[in-house]
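Notes for the one structure printed next.
The values are calculated or read from the model by the stated rules, or taken from the named source; none is laboratory data. For clarity, every value in this text was computed on a predicted model and none was experimentally measured. No Cβ is skipped: glycine too gets one built from the backbone with ideal geometry, and neighbour counts run over all protein chains shown.
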């Protein structure tokens, strides 16, 4: 039986938590693999009640630099004590002296995005710019260190190959992230407070964007398009539902939403925005069902789970014209230049005025969402791990 050690210490928000939450149940149902997971107290609390798995809790520092040093110092001995065969590093950074073959999960496109660095310069966030550059160097070195790097989409795998150059390109593979429709569309009753926020007495057209506030999700382009949509569809009311709050509030990654809040106020969008704040994953399906169109203006992505959630909920998608969005959504979405509020608005207006197009894209999304499977993702991941283990036992790395 193969023993897989998962380093999940870097899974602290968003996609990292979603990945661990969805993959662990499939791993622990397998009878051909033993799994040990290292995670933080915060992640253990986040997963509490969702899955019943044995874990090793490590109280690593919260800062990236502190956590990296902590992992490099303590994890090699911990892996040896567990007698593991393969390390799965789930947080973009590899273990420098791994005692076993290592699979690195790389899912951060900020390190390779020119748009992100330009955005930081325009916002005069020079410390974050430098911090991201340094982390990018470590992430690139991590790809060189690991035996295999797994990207969540073919698009991002191609970006990584170009980033690290031809010498290490053959170490990068794509195993698409999955989706579990049964788990997502659960029977959890909607909480009264959330139900009240989602009431739609005016029968407004509801647009939805599921995201924490981050710069690369490009909220400002979405906010800039909203008045244009409202003007064209008047007298029908248009509302935008967000799963975050704008303004001087804490955000994962310490992104400052002040500029977005200023734009909201300048455009007088307050009555058109429904700022839910973070919604627990097991209640998210209620939010999708209360909306009509899913919109994402992100200027960089590696996969974007909400796209699959939206398609599984029957929502047509209006997405920025990124190769990864086309890979994930196909014909279930219409696309616009990523910084054009006018083009975003035009695509939404087109959908709102064409019931046939709305229904056709919704049906295409339902079909497309069925192509994503966490079970298949885990099968491919374990097959990869099995080959690395066989190579090691056959006389490779010790």
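Observations
- Of all residues in region 159-185, those satisfying the criterion of being without any contact (Cβ under 8 Å) to a residue 24 or more places away in the chain and under 21 Å from the mean Cα position of the chain (by Cα) are 161, 182.
- Scanning region 256-267 for residues that are at pLDDT 95 or above and in a loop (DSSP other than H, G, I, E, B) gives a single hit, 267.
- Verdict on residue 76 being in contact with a helix residue (DSSP H, G or I) (Cβ under 9 Å, 6 or more places away or on another chain) and surrounded by 14 or more Cβ atoms within 10 Å (Cβ to Cβ): no
- Residue 364 meets all of the listed conditions (1) closer than 25 Å to residue 175 by Cα; (2) surrounded by fewer than 20 Cβ atoms within 10 Å (Cβ to Cβ); (3) out of contact with any helix residue (DSSP H, G or I) (no Cβ under 6 Å at 6 or more places or on another chain) but one, namely (3).
- Condition met for residue 94 (free of Cβ contacts under 8 Å to residues at least 60 places away in the same chain, under 16 Å from residue 135 (Cα atoms) and touching a strand residue (DSSP E or B) at 6+ places or on another chain (Cβ under 9 Å)): yes
- From 149, 112, 132, residue being at pLDDT 95 or above, surrounded by 23 or more Cβ atoms within 10 Å (Cβ to Cβ) and within 30 Å of residue 297 (Cβ to Cβ): 149
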